[in-house]
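Novice: Quick one: the structure is below, and I'll ask about it shortly.
The values are calculated or read from the model by the stated rules, or taken from the named source; none is laboratory data. Source: prediction; values computed, not measured. Cβ placement follows ideal geometry from the backbone for every residue including glycine, while neighbour counts extend to all protein chains displayed. Ligands, DNA and RNA are excluded from the accessible area calculation, which covers all protein heavy atoms including side chains. Shrake-Rupley method; radii C 1.70, N 1.55, O 1.52, S 1.80 Å.
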Amino acid sequence: MFSDEDTALVHAVQKQYASLNLKLPLGTFTILAAIALTSSEPSTQPKIIALATGCKCLPKDKLSLQGEALHDSHAEVLARRCAVRWLFEEIARAVSGLGSHWISKSADRRYHFKDGIHMIMYISTPPCGDASMRFLAMSQDEEMAVLKDSSVSAPLAPNIASRGRNNYSLFGVLRTKPGRADSPPTLSMSCSDKIARWNVVGIQGALGSAFFHPIYLTKIIIGEVPEDLHGVVKLDCDRAFWGRLQDISDLPEEYKLTRPEVRFTSVMFAHSRSAQDHSFPAQRSCNESLTWVADSPSPHDVLINGLKRGVPPKHRYKPIFWQAIHQPILANYLTRYLNT
C-alpha cells in the first residue's frame, strides 16, 4: 500500500519544510513539491536537493519583458528549478576538490549520475492539468462539476490547449494554468504537461544540457489522494505523464520517453487545503512561494508575483535582486564556473 521508504522520504521533506518557518496568512493553503536523490547503496541516505511551495502564475498580460520575474510559481516547477540550481552548484563543488557522491564527469566532459543514483519527486497533491481531471471532478460539489463541464467540446485541434479545468471529460489534452475559470488567463502550461515534457527531454533544461546528460525522474510520490481513488489517479497520471506520448519518435540520441513510477502517500501536508480546512476553512491559495536549494550559500527565498518578496519596484530590474533559480542568474553562475 504505502512503502516505508516513501513514507520516510515524505516525512523528511516535510521536516525540512517546517524548518524554514514559512507562515501562511490565515485562511490560505499552498502546495509542496520536492526533489530527492536516492542511492542503491544501503548505507547512503536519500538526499533532498530541492523544495518549493506555490500555486500561482503570472497572467499573460503581466509577463515580464526583461525576464526579471518567474512566470510560473507552481511548486513542481519551482522545485525543478531548484534542483537544476543544485546540480550546477554540485558541479562547482566537484571541480573545487570537494568531489561528489552523486555525479561523475563523462568522456564528453558533461556530467551524469553515478550508477545506482535515482531522482524522485514528491508532490503534496495531484499536479494540475490532465493528471488530476477526474480527481478534481470527483471532489467538486455537484453544482460546480456541472458548471465546469456544462458544454462538452469537440476534440481540440493539434497544438491547441484547453483553458484550465474546463471540460473534465477531455483527457490527454494540453491545458493552461490556472484551473479556476474566474482567474486571468496565462500562457503557462499545466504541471502535468511540464512533467510529461521532463519525461522526454529531462529535468536539466536547455541550459543544463550543455553540462549534463539527460536526467529523468524515476518515481513521483503524490499526496492527498484517498485510497479508494488510487487506481483512478494512477491511471490518469500514467496517461498524463507518459501514456499520451507513446507515439513520439525520432528523438535525438540520448533522449527517450521515460515512465516514472507513480506512488501515493498518506502523510498529510500541514499547509495543504485539506489540512487547513480541519482548523480554519482555506478559501484561497497563498500568494507567496518558498524555494530552497540544498547545500547552497543562499539556500532559500520567498517569492511573490514571481519576484523576491520585499524587493522595491525600483530595484526589480537589477539582477542582484533576482532569485538564484532564475535562468539569467544560472547562466551567469555557469559563466563564472567556465572561466575558473
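Novice: Which of the residues that make up the range 106-134 are open to solvent by 30 Å² or more (accessible area, probe 1.4 Å) and modelled with pLDDT under 90?
Specialist: Arg134
Novice: Another question about this same structure. Give the residue, chosen from Leu207, Leu257, that is touching a helix residue (DSSP H, G or I) at 6+ places or on another chain (Cβ under 7 Å) and modelled with pLDDT of 95 or more.
Specialist: When all the criteria are applied, what remains is Leu257.
Novice: Additional query: Determine if the range 184-194 includes at least one residue that is modelled with pLDDT under 85 and either touching a Gly at 6+ places or on another chain (Cβ under 6 Å) or open to solvent by less than 60 Å² (accessible area, probe 1.4 Å) (or both).
Specialist: Checked against the condition, which is being modelled with pLDDT under 85 and either touching a Gly at 6+ places or on another chain (Cβ under 6 Å) or open to solvent by less than 60 Å² (accessible area, probe 1.4 Å) (or both), the range 184-194 yields at least one hit.
Novice: Pairs needed: first member in the range 84-111, under 25 Å from Leu51 (Cβ atoms); second member anywhere, open to solvent by 80 Å² or more (accessible area, probe 1.4 Å); C-beta distance under 6 Å; at least 6 residues apart or different chains.
Specialist: Cβ pairs passing all conditions: Tyr111/Lys105.
Novice: Failed condition for Ser249, given (1) open to solvent by less than 50 Å² (accessible area, probe 1.4 Å); (2) assigned to a loop (DSSP other than H, G, I, E, B); (3) of a type in the set (Gly, Ala, Ser), with all others met?
Specialist: (1)
Novice: Would it be correct to say that Arg273 is more than 28 Å from Phe113 (Cβ to Cβ) and of a type in the set (Lys, Arg)?
Specialist: Taking the combined requirement at face value, the residue satisfies it.
So that you can scan it fast, the table gives a plain yes or no per residue for (1) modelled with pLDDT of 90 or more; (2) within 17 Å of Thr30 (Cα to Cα); (3) in a loop (DSSP other than H, G, I, E, B); (4) open to solvent by less than 50 Å² (accessible area, probe 1.4 Å):
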| position | (1), (2), (3), (4) |
| --- | --- |
| Met268 | yes, yes, yes, no |
| Ala275 | no, yes, no, yes |
| His278 | no, yes, no, no |
| Pro281 | no, yes, yes, no |
| Ser289 | yes, yes, no, yes |
| Val302 | yes, yes, no, yes |
| Val311 | no, no, yes, yes |
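Novice: With respect to Ile329, is the statement that it is open to solvent by 50 Å² or more (accessible area, probe 1.4 Å) and hydrophobic (A, V, I, L, M, F, W, C) true?
Specialist: no
Novice: Those residues that are among the charged types (D, E, K, R), in a loop (DSSP other than H, G, I, E, B) and under 30 Å from Gly231 (Cβ atoms), I need them from the range 252-262; list them, please.
Specialist: Lys256, Arg259
Novice: Kindly indicate the residue of the range 68-105 that is of a type in the set (Asp, Glu) and at pLDDT 90 or above and also nearest to Gly116 (Cα to Cα) among those meeting that condition.
Specialist: Looking at the filtered set, the residue picked out is Glu90.
Novice: Still on this structure: Which members of the range 313-327 meet the condition of being closer than 16 Å to Asp72 by Cβ and in a helix (DSSP H, G or I)?
Specialist: Selection gives Gln327 alone.
Novice: Same structure again: Across the range 11-60, which residue is modelled with the lowest pLDDT among those that are β-branched (Val, Ile, Thr) and closer than 26 Å to Gln323 by Cα?
Specialist: Thr28
Novice: I'd like the full set of residues that are surrounded by fewer than 22 Cβ atoms within 10 Å (Cβ to Cβ) and among the polar types (S, T, N, Q), limited to the range 195-242.
Specialist: Asn199, Ser209, Thr218
Novice: I would also like to ask the following. Quick check on the range 16-35. Is at least one of its residues polar (S, T, N, Q), under 19 Å from Ser285 (Cβ atoms) and either more than 18 Å from the chain's Cα centre (by Cα) or open to solvent by 40 Å² or more (accessible area, probe 1.4 Å) (or both)?
Specialist: Checking the range 16-35: at least one residue is polar (S, T, N, Q), under 19 Å from Ser285 (Cβ atoms) and either more than 18 Å from the chain's Cα centre (by Cα) or open to solvent by 40 Å² or more (accessible area, probe 1.4 Å) (or both).
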